[in-house]
Amino acid sequence: MSEFGGFIQDEVANDELDRIEAAYGPLAAAVRELVDATIRSTVPPEEAALALAEVEAVVKRLRAQQMPGPAGVRFNSEGRAWNWGNAVVGLRNAIAPPLEIVHVRSGLAHANVDLGAAYEGPPGLVHGGATALLLDHIMGETAAAAFTRVTFTGTLTMVYRRGTPLGPLRLDARIDREEGRKVWVVASIGDEEGPTVEAEGIFIIPRWAT
């Protein structure tokens, strides 16, 4: 196992990765449902106490074997990369919606997402920080030009046009221009009525990646 600027080469075979993802993807989805159910449940406190005991038992089972530190971004020599702990697209992260990004071509991407109770800020609306999180991620992937380079967020400017409603949303992002190691990306998130938040960011290609 070797590391390159925080990216870890880990020679797990693709068939084994498929087996792991087949088990942990549904587990994360179930935990995601648990989060939503916990927020909106109206069962009596006694039922909540029973649920707590069951959840604690599951946590104990999963804590029996743990990797040290963060999950990180890993890849193997077969061309497979995985980022299971990512807060936006992580397969094994119940906090992630998860966002499924479509790269139309290098420098142009979009995604559809359905945000529920876990992402609420003002009543019925998505928390502004959650929209920033999603936009930052899709913009970073777009700046990476179809995963042909590494980029990190330099600056991110948000313009909130109106409240972003919970429910189905669309994100769009594209590279606006480039200059040296700087990549300018513009993006938006919105509903059927149009954009609710627009963003512009400068993404930096680190020196070690050039």
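The values are calculated or read from the model by the stated rules, or taken from the named source; none is laboratory data. All figures in this text were calculated on a predicted structure; none of them were measured in a lab. Counting neighbours? That spans all protein chains shown, and the Cβs are built from the backbone with ideal geometry, glycine included.
In segment 153-177, of all residues being surrounded by 13 or more Cβ atoms within 10 Å (Cβ to Cβ) and of a type in the set (Val, Ile, Thr), the one that is nearest to Gly201 (Cα to Cα) corresponds to Thr153.
Results for (1) within 24 Å of the chain's Cα centre (by Cα); (2) not assigned by TED's automatic domain parsing to the domain that holds Asp136; (3) not small (Gly, Ala, Ser), shown as yes or no for each residue.
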| position | (1), (2), (3) |
| --- | --- |
| Ile20 | yes, yes, yes |
| Leu27 | yes, yes, yes |
| Asp36 | yes, yes, yes |
| Ala51 | no, yes, no |
| Met67 | yes, yes, yes |
| Gly79 | yes, yes, no |
| Trp82 | yes, yes, yes |
| Gly85 | yes, yes, no |
| Leu91 | yes, yes, yes |
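The single residue among Ala111, Ala71, Ala118 that is in contact (Cβ under 8 Å) with a residue 60 or more places away in the chain and not in a strand (DSSP E or B) turns out to be Ala118. Within segment 74-89, being free of Cβ contacts under 8 Å to residues at least 60 places away in the same chain and loosely packed, with under 10 Cβ neighbours inside 10 Å holds for one residue alone: Gly79. Quick one: in segment 192-206, which of the residues that are within 9 Å of Arg162 (Cβ to Cβ) and in contact with a helix residue (DSSP H, G or I) (Cβ under 9 Å, 6 or more places away or on another chain) is surrounded by the fewest Cβ atoms within 10 Å (Cβ to Cβ)? Selected residue: Thr196. Annotation note: of Leu133, Leu52, the sole residue that is at pLDDT 95 or above, out of contact with any strand residue (DSSP E or B) (no Cβ under 8 Å at 6 or more places or on another chain) and under 14 Å from Leu171 (Cβ atoms) is Leu133.
Being free of Cβ contacts under 8 Å to residues at least 24 places away in the same chain, assigned to a helix (DSSP H, G or I), on the phi < 0 side of the Ramachandran plot and not charged (D, E, K, R) is a property that Ala23 has.
If you go through segment 124-152 and keep only what is farther than 17 Å from Gly190 by Cβ and either among the aromatic types (Phe, Trp, Tyr) or surrounded by 17 or more Cβ atoms within 10 Å (Cβ to Cβ) (or both), you end up with Gly140, Glu141, Ala143, Ala144, Ala145, Phe147, Val150, Thr151, Phe152.
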